[in-house]
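Below is one structure, written out as structure tokens, with a few remarks after it.
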Amino acid sequence: QGENLLYCFEVAPTQPALTQVTQCRTEGSTRGLAAVPRLALDVMACEVLRVLQLTDTALVPVSYLVPRKSVQEFHEDLFPDCTGTLPATDAQGWWAGDSQQVGRVSLHPARRSTETFTSPIIAGTGPTNTSHTDTDTGHTDTDQSEASGYSSPSSLASPGSAATSLSAGTGPSSGFASSPSQKSLQSILGPSSRFRHAQGRALHRDQHLTNLRGLSLTTPGECDGFCANRQRVALPLLSAGGQIAVLELSKPGRLPDAAIPTIQNGAAVADLTWDPFDPRRLAVAGEDAKIRLWRIPEGGLQETLQEPEAILRGHTEKIYSIRFHPVASDLLVSSSYDMTVRIWELSAGREVLCLQGHTDQIFSMAWSPDGKKLATVSKDGRIRLYEPRHSSQPQQEGPGPEGGRGARLVWVCGGDYLLVSGFDSRSERRILLYRAQALPEGPLSVLGLDVAPSTLLPFYDEDTSVVFLTGKGDTRVFLYEVTPEPPYFLECNSFTSNEPHKGFVFLPKTACEVREVEFA
């Protein structure tokens, strides 16, 4: 009472016993609530619940509907027979031990029971008024398109199971279907994300680094285009010799027109990444099949660097991508056109393991958050999972995205699931969710997003379970909350920038302004 939120939960005898289905914001504060009996529901509109809310000045019906393609027919799985209105026995019979139950009646409009029961008039209480008025609560001002959710066939497998996903709509008074994206979200997904109102915005210009010149915009699709850590960014340049600019984030503003000091890598840059534990160490994969490690001086580059700290040799062809280990220092993994994945120990400057099993180009690889496993997705349409400490062969593999144009993968939901972004055979961009322990079973869920040429780069925020997806050349960043139970992907507000991205990188969580509730 006194609140303006209505929560709807699904109750099950197994864990999780309570699952939130929706929450609905009402216009006025609640002074009282009553559920309308099931016999009064509009079953042909798939209305499964109607609540009357008493506010200070009104009685507001709140209707919950499960959308179905056909509203011409009666859906028996949503409306099992319910308790009727005729008593099973009388008071004397109950005291005498009669335990009959009230008969059940069908909710089908054509099979409705017409029998009614009137309680006997109690003797000696004077005249009674037996007339009654029918109040019609059937025609509420509910906009049916807003009051839609989505129930998957699996959740309605058995007639009589109430495992349906519901969503609330009370027409204009709900505040639930405010924006167009919200309306489509309601019609597609049912449950909604608690982060659906996350807002992306570009920070003030005085924090931008401007006047960047001669950037290389031709890095391979497996590369993010540039890389950043808490202190600085590294940007590949177009000039010969694989030059890389290193800019300090603590010194924003316009760069000078004159040449700035760079790293002279000596070979065109295929991928580059910062050491997560040493903000001054940069690993650069070259198109000459070598990996060079560079150390940035304290305070940033003052002069051109020409000598790397170390060079790692072992691959026989151009390298696609390199990734540092998330848990152990001095461990780096690389993938190459020679169809191998190699793990390097940097302190010794040598290769310690070569992972086998790929038969085509390796699009992407990712360490699990606990550092035990390495997942890869390849052009041969397979996802592979390795445990490098146990074997150089894949521990398991499963079907990946069909399209051979590119793919990325990232671990989600505490490292128990894998999210893969790729293409289908018609070049539609899609995201797929796999259970990491059950890759051969294929994806749990597939969500098609749009048709565009560039691979979606996923970034996952483990604190909120929100994944950010965008491609090079896109202006839109998709946001989804990823959950380990259906419907798996909950849409959040997307972010649109004024001009297309050439690259897209997330800073460590410690860079967030938590007082502003910034989470990425």
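Note on segment 470-520: among residues that are of a type in the set (A, V, I, L, M) and under 12 Å from Gly200 (Cβ atoms), the one that is farthest from the chain's Cα centre (by Cα) is Ala520. Identification of strands (runs of 3 or more DSSP E) wholly contained in segment 1-110 with 1 or more residues that are loosely packed, with under 11 Cβ neighbours inside 10 Å and small (Gly, Ala, Ser) yields 32-35. Looking only at residues that are in a loop (DSSP other than H, G, I, E, B) and under 31 Å from the mean Cα position of the chain (by Cα) in segment 346-360, which one is nearest to Asp424 (Cα to Cα)? For segment 346-360, the residue satisfying everything is Asp360.
Mind checking which residues of segment 462-520 are free of Cβ contacts under 8 Å to residues at least 12 places away in the same chain and either in a loop (DSSP other than H, G, I, E, B) or open to solvent by less than 50 Å² (accessible area, probe 1.4 Å) (or both)? Listed by number, the residues that qualify are Cys512, Glu513, Val517, Glu518. Inspect segment 194-205 for any residue being part of a helix (DSSP H, G or I) and open to solvent by 50 Å² or more (accessible area, probe 1.4 Å) and give the result as yes or no. Scanning segment 194-205 turns up at least one residue that is part of a helix (DSSP H, G or I) and open to solvent by 50 Å² or more (accessible area, probe 1.4 Å). Leu419 - would you say it is modelled with pLDDT of 95 or more, under 15 Å from Leu439 (Cβ atoms), touching a Ser or Thr at 6+ places or on another chain (Cβ under 9 Å) and of a type outside the set (Lys, Arg)? No: the conditions fail for Leu419. Within segment 446-461, the set of residues being free of Cβ contacts under 8 Å to residues at least 40 places away in the same chain and among the charged types (D, E, K, R) comprises just one member, Asp450. Each residue in segment 339-353 was checked for being more than 19 Å from Ser391 (Cα to Cα) and crowded, with 16+ Cβ neighbours inside 10 Å, and 1 pass. Every condition in (1) in contact (Cβ under 8 Å) with a residue 40 or more places away in the chain; (2) under 23 Å from Ser421 (Cβ atoms) holds for Trp344 except the one numbered (2). For segment 416-454, give me the residue count where each residue is more than 15 Å from Tyr488 (Cα to Cα) and under 17 Å from the mean Cα position of the chain (by Cα). Qualifying residue count for the region: 3. Is segment 111-122 home to any residue that is polar (S, T, N, Q), surrounded by 10 or more Cβ atoms within 10 Å (Cβ to Cβ) and touching a strand residue (DSSP E or B) at 6+ places or on another chain (Cβ under 7 Å)? So far as segment 111-122 goes, yes, one or more of its residues are polar (S, T, N, Q), surrounded by 10 or more Cβ atoms within 10 Å (Cβ to Cβ) and touching a strand residue (DSSP E or B) at 6+ places or on another chain (Cβ under 7 Å).
Selection of segment 286-340 for residues being of a type in the set (Phe, Trp, Tyr) and within 20 Å of Gln243 (Cα to Cα) yields Trp294, Tyr320.
Just to be sure before I move on: is Arg50 of a type in the set (Lys, Arg) and under 30 Å from Ser29 (Cα atoms) in the structure I sent? For Arg50, the condition - of a type in the set (Lys, Arg) and under 30 Å from Ser29 (Cα atoms) - is met.
Against the test of being modelled with pLDDT of 90 or more, closer than 23 Å to Val341 by Cβ and either of a type in the set (D, E, K, R) or touching a Phe, Trp or Tyr at 6+ places or on another chain (Cβ under 6 Å) (or both), the options Leu235, Leu282 yield a single qualifying residue, Leu282.
Suppose the filter is in the same structural domain as Lys509 (by the TED database), in contact with a Phe, Trp or Tyr (Cβ under 9 Å, 6 or more places away or on another chain) and in contact (Cβ under 8 Å) with a residue 60 or more places away in the chain; does Pro443 pass it? No: the conditions fail for Pro443.
Of all residues in segment 361-394, those satisfying the criterion of being on the phi < 0 side of the Ramachandran plot, without any contact (Cβ under 8 Å) to a residue 40 or more places away in the chain and part of a loop (DSSP other than H, G, I, E, B) are Lys372, Lys379, Asp380, Glu387, Arg389, His390, Ser391, Ser392, Gln393, Pro394.
State yes or no: is Ile322 in contact with a Ser or Thr (Cβ under 8 Å, 6 or more places away or on another chain), open to solvent by less than 10 Å² (accessible area, probe 1.4 Å) and farther than 18 Å from Ala228 by Cβ? So Ile322 fails the test. Across segment 213-240, the qualifying residues are those that are open to solvent by 30 Å² or more (accessible area, probe 1.4 Å) and small (Gly, Ala, Ser), and the one among them that is nearest to Lys251 (Cα to Cα) is Gly214.
The values are calculated or read from the model by the stated rules, or taken from the named source; none is laboratory data. Keep in mind it's a predicted model, so treat the numbers as computed, not measured. Quick reminder, even Gly has a Cβ in these numbers, built from the backbone with ideal geometry, and neighbours come from all protein chains shown. Ligands, DNA and RNA are excluded from the accessible area calculation, which covers all protein heavy atoms including side chains. Shrake-Rupley method; radii C 1.70, N 1.55, O 1.52, S 1.80 Å.
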